[in-house]
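Engineer: Handing you this structure, nothing more for now.
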Amino acid sequence: MKRAAATLILITCILLAACTTPQTDPGPTPVSVVNESILPGDDFYLYVNDAWMRSHPIPAEKNHYGSFTQLEDKVDADLLALSLKAENVSGREADRNRILIGQFYRSGMDQAGIDAAGIAPLKDDLAMIDAIRSRKDLTNATVTLTAEGSGLLYEYFAEANPRNSTVLIPWFYQAGLGMPDRSYYVHNDTERRPLQEKYRAHVAKIFSLLGEPDQQASADATIVYAMEEKLAQSHFTSVENRDPQMTTNIISLTDLEQKHPAIGWDLLAAIRGSGPVTVVNVYQPRYVEGLNTLLATAPLEDWKLYLRYHLVDSASPYLSEPFENEHFAFYEKILYGTDAMKPRWKRVVRTESGVLGDLVGREYVREYIDPRTKGMVRGIFASIRRTFDNRIAQLSWMGEATKAKAREKLAAMGEKIGYPGRWTDYSGLELSGSYAGNLRAASAFTLIHGAQGLDKIGGPVNPEVWTIPPQLVKAFYDPTKNEMVFPVAILQPPFFDPNADAVQNYGCIGWIIGHEMTHGFDDQGRQYDRNGNLNDWWTAEDAADFTNRTAMVVTEYNHFEVLPGLYLNGNLTLGENLADFGGLTLAYHAWKETADPPDIPADAADRQFFISAASMWRVNEREDATRLLALTDPHSPPNYRVDGVLYNIPEFYQAFLEVRPGDALYRNVTDRPVIW
Ligand SMILES: [Zn+2]
């Protein structure tokens, strides 16, 4: 039931999914009151956002609070209204979609029923795990859980073949850990070590809730932890996961079955409803080897404990109160420092939106779209694309051959704006049971029949389908499809406002559009060609020049100290930092070249542009969240997304002449990378 991450693995987006809560309309566009006691050259992010940050403390149920969370709150409220309406829809077949939404929402809000059921919704799966007597049983059980939408050890889903991008094939992606990533198991530093003990205690607590005496729960937790430690050894690091060459491994089903039989490739290929499988893209070959060895050699009783724990742990947000509380206590309180659980309605509408994406999305776009949005945003896309094309043509460091290919790729880059042209058909989905049962049914249905479900394997990539729903506040670039996706939810204030000035819209949504466009040419994206195939189109000389320029960005971010002694990883965050840098550069120039001049002097307008852009990232964040994200997130923290970029942009210095050598973040011209 963890899912959801699957379709977002390769794509590079604007931010990670965030946890949040209710209340407050984000209002119109952000009006920033700068703090004049902070010099713009010392910390522009703080200069712009300090006043807002002081007056917007983090609500107890959030780990951060900022522009994105405010808009997510509005979307949540919209989803609640939609769910409440659907709750009252009755029997007519024409409203089946809304009936399903109503059923799901009702089951999620039935706290008394959920509490009374305890772990009953998992009893069949727990019995299956309990009945494992052989290696064959073990393989069968892990594949059965995958087919039910509860894959624990890996993600298995359909995506474009990176070497033949018009065809969908299965991808196999590492999973199976309870802590954020492998580094928490293999590094015993001051940031990570404290979490190891807390995680062991959490595992023991789950066993206690399942009725084990304390001593046994603790012993079983030690076994589960040791299993995870072994799995973690073979996991790719977060930096390795960003390497398209390492993570593209198209292997035949026959080879996989011969070399790693314990995983059960034939059984995966035979999941009911799957299209024909001949090859699989193995994202992390080292993990496949490690997992296969463990499945073949670790004691069966250890595996049973592992599966039992992970099944219950991953389902616990949808089980009775003690399980839900324990889930919160570790995954939100300890990991992110959040003080209180989100209200139930919010937990339910988010889950509903996650597993019934298109079903909810179709209703959402019917009610919550400004008719002007799509056309206006398309205009901004066009102007940024034009600006990017011109700038590539004029680059002094790139040769003509590479330029021609780059411009071809840019021209071919797709843009999906608003919502899909084709919606997933949910007519085969039956809901009726418990909340956890409905979640299971919806997850299993989506795995097979979703927008890009396993039933599409072997077939063509359909350009009309979307892999995320329109009600998600997110945007991304998908390299294997060479396309940008902008759900309608993010095309709202403060990111885009049909009533706002161009300076505001270009500074915000324009930056995000430029960000996603740049991803097609960042250190990862540039390795894919115009058709989305992993195919090098750069001359060796231009590739080397690009890498030298990006090395300056790596060094720059390596020096940012997020918390005392904790520095950003410039390699992990490189793609996002390049996209932020390119994105703001493109948005600025597109705005200057396209938009009607505002009613204020040009230099004041330029200042307003950079202030609008910086205000988009304003946020207050709990220290635990900051620490965890700095260790795992390929996106830099919001203040560095602003400050890391601005001081590299010449026009920023022209707009803020008071930024001078000697200011804390002033960068000498020779230290500023020049890329796009
Ligand atoms: Zn991004």
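FYI, it's all coordinate maths here, none of it is from the lab. Please read these numbers as outputs of a predicted model, since none were measured by experiment. Note that we place each Cβ from the backbone using ideal geometry, even for glycine, and neighbour counts take in every protein chain shown.
Engineer: With viscosity set to 0.890 mPa s and temperature to 25 °C, compute the Stokes-Einstein D of the stretch 42-96, Rh being the Kirkwood radius across alpha carbon pairs; µm²/s, no decimals.
Structural biologist: 170 µm²/s
Engineer: Given Cβ point charges of +1 (Lys, Arg) and -1 (Asp, Glu) and nothing else, what value in debye, to the nearest 20, does the dipole of the stretch 119-318 about its Cα centre take?
Structural biologist: For the stretch 119-318, the charge dipole is close to 140 debye.
Engineer: Another question about this same structure. Just to be sure I understand the curve: with the Debye formula and one point per C-alpha of the stretch 478-552, what is log10 I(q)/I(0) at q = 0.18, 0.24, 0.25 Å⁻¹?
Structural biologist: -0.79, -1.01, -1.05
Engineer: Please determine, in degrees from 0 to 90 and to the nearest 10, the orientation of helix 574-594 with respect to the longest principal axis defined by the Cα atoms of the chain, where the helix direction is its Cα long axis.
Structural biologist: 40 degrees
Engineer: Could you give the length gained by full extension between LYS198 and THR632, i.e. 0.36 nm per residue of separation minus their alpha carbon distance, to one decimal place?
Structural biologist: Length gained between LYS198 and THR632: 154.4 nm.
Engineer: Taking the highest mean first, how do the peptides 530-538, 451-459 order by number of other beta carbon atoms within 10 angstrom per residue?
Structural biologist: So the peptides 530-538, 451-459, ranked by packing, come out 451-459, 530-538.
Engineer: Sticking with this structure for a sec: Pairwise over distinct Cα atoms, reciprocal of the mean inverse distance: report the Kirkwood radius of the chain in Å, one decimal place.
Structural biologist: Radius from the Kirkwood sum: 26.0 Å.
Engineer: Please work out how much length the chain gains when fully extended from ALA393 to THR254, using 0.36 nm per residue of separation minus the C-alpha to C-alpha distance, in nm with one decimal.
Structural biologist: Net length gain for the segment: 45.4 nm.
Engineer: Continuing with the same structure: Normalized C-alpha radius of gyration of the stretch 199-313, against 2.2 N^0.38 Å?
Structural biologist: Expressed relative to 2.2 N^0.38 Å, the Cα Rg reads 1.26.
Engineer: Taking Cα pairs under 8 Å and at least six residues apart, what relative contact order does the stretch 486-645 come out at, in percent?
Structural biologist: The normalised contact order for the stretch 486-645 reaches 32 percent.
Engineer: Okay, moving on. Taking 0.36 nm per residue of separation and subtracting the Cα-Cα distance, what length does fully extending ASN462 through GLU430 add?
Structural biologist: 9.0 nm
Engineer: Counting only the backbone N, which residues of the stretch 629-670 are under 17 Å from the spot 7 Å out from the Cα of GLU36 toward its beta-carbon?
Structural biologist: 657-659
Engineer: Between ARG366 and ALA543, what FRET efficiency comes out of the Förster formula 1/(1 + (r/R0)^6) with R0 = 56 Å and r the beta carbon distance, rounded to 0.05?
Structural biologist: 0.75
Engineer: Using just the Cα positions, wrap the stretch 112-204 in a convex hull and report its mean projected area in square nanometres, one decimal place.
Structural biologist: Across all orientations, the stretch 112-204 yields a mean hull projection of 10.2 nm².
Engineer: Another question about this same structure. Where does the chain land at 222 nm, in deg cm²/dmol rounded to the nearest 500, when only DSSP H runs of n ≥ 4 count, each adding -39500 (n - 2.57), divided by all residues?
Structural biologist: -15500 deg cm²/dmol
Engineer: For the chain, find the longest principal axis of its Cα atoms and tell me its angle to the long axis of helix 193-209, 0 to 90°, nearest 10.
Structural biologist: 40 degrees
Engineer: So how far, in whole Å, is the C-alpha centre of the stretch 38-65 from the one of the stretch 379-440?
Structural biologist: Each part reduced to its Cα centre gives a spacing of 31 Å.
Engineer: Separate question: For the stretch 148-256, what number results from the quotient of the Cα radius of gyration and 2.2 N^0.38 Å?
Structural biologist: Its radius of gyration relative to the 2.2 N^0.38 Å reference: 1.34.
Engineer: Can you work out ³J(HN,Hα) from phi for every residue in the stretch 174-179, in order, using Karplus 6.51 cos²θ - 1.76 cosθ + 1.60 and θ = phi - 60°, giving whole Hz and x for Gly and Pro?
Structural biologist: Coupling constants for the stretch 174-179: 4, 7, x, 10, x, 8 Hz.
Engineer: What does the convex hull of the Cα atoms come to per residue for the stretch 558-676, in Å³?
Structural biologist: In the stretch 558-676, the Cα hull volume divided by residue count equals 118 Å³.
Engineer: P(r) for the stretch 561-603, please, calculated from all Cα pair distances in 10 Å bins and given in %.
Structural biologist: 22, 31, 22, 19, 6
Engineer: Sticking with this structure for a sec: Could you pull out the pairs from LYS85/LYS481; LYS230/LYS474; LYS74/LYS456; LYS62/LYS474; LYS342/LYS456 whose alpha carbons sit more than 29 Å apart here?
Structural biologist: Correct reply: LYS85/LYS481; LYS230/LYS474; LYS74/LYS456; LYS342/LYS456.
Engineer: Then there is this: Identify, among MET109, MET53, VAL89, the residue whose Cα sits farthest towards the positive end of the charge dipole of the stretch 32-138, taking +1 on the Cβ of Lys and Arg and -1 on the Cβ of Asp and Glu, with the dipole about the Cα centre.
Structural biologist: Checking the options against the dipole of the stretch 32-138, the answer is VAL89.
Engineer: Now for a different question. Specify the angular offset, from 0 to 90 degrees and rounded to the nearest 10, of the alpha carbon long axis of helix 214-234 from the longest principal axis of the alpha carbons in the chain.
Structural biologist: For 214-234 against the chain, the angle is about 50 degrees.
Engineer: For the stretch 332-394, run through the trypsin sites (Lys or Arg not before Pro) and keep only the ones in DSSP coil with at most 11 other Cβ atoms within 10 Å of their Cβ.
Structural biologist: Passing sites in the stretch 332-394 are ARG372.
Engineer: Right, next: Stokes-Einstein diffusion coefficient for the stretch 119-318 at 4 °C in a medium of 1.567 mPa s, Rh from the Kirkwood formula over Cα pairs: what value in µm²/s?
Structural biologist: 73 µm²/s
Engineer: Sequence gap at least 6, Cα distance under 8 Å: using those rules, report the relative contact order of the stretch 119-318 to the nearest whole percent.
Structural biologist: The normalised contact order for the stretch 119-318 reaches 28 percent.
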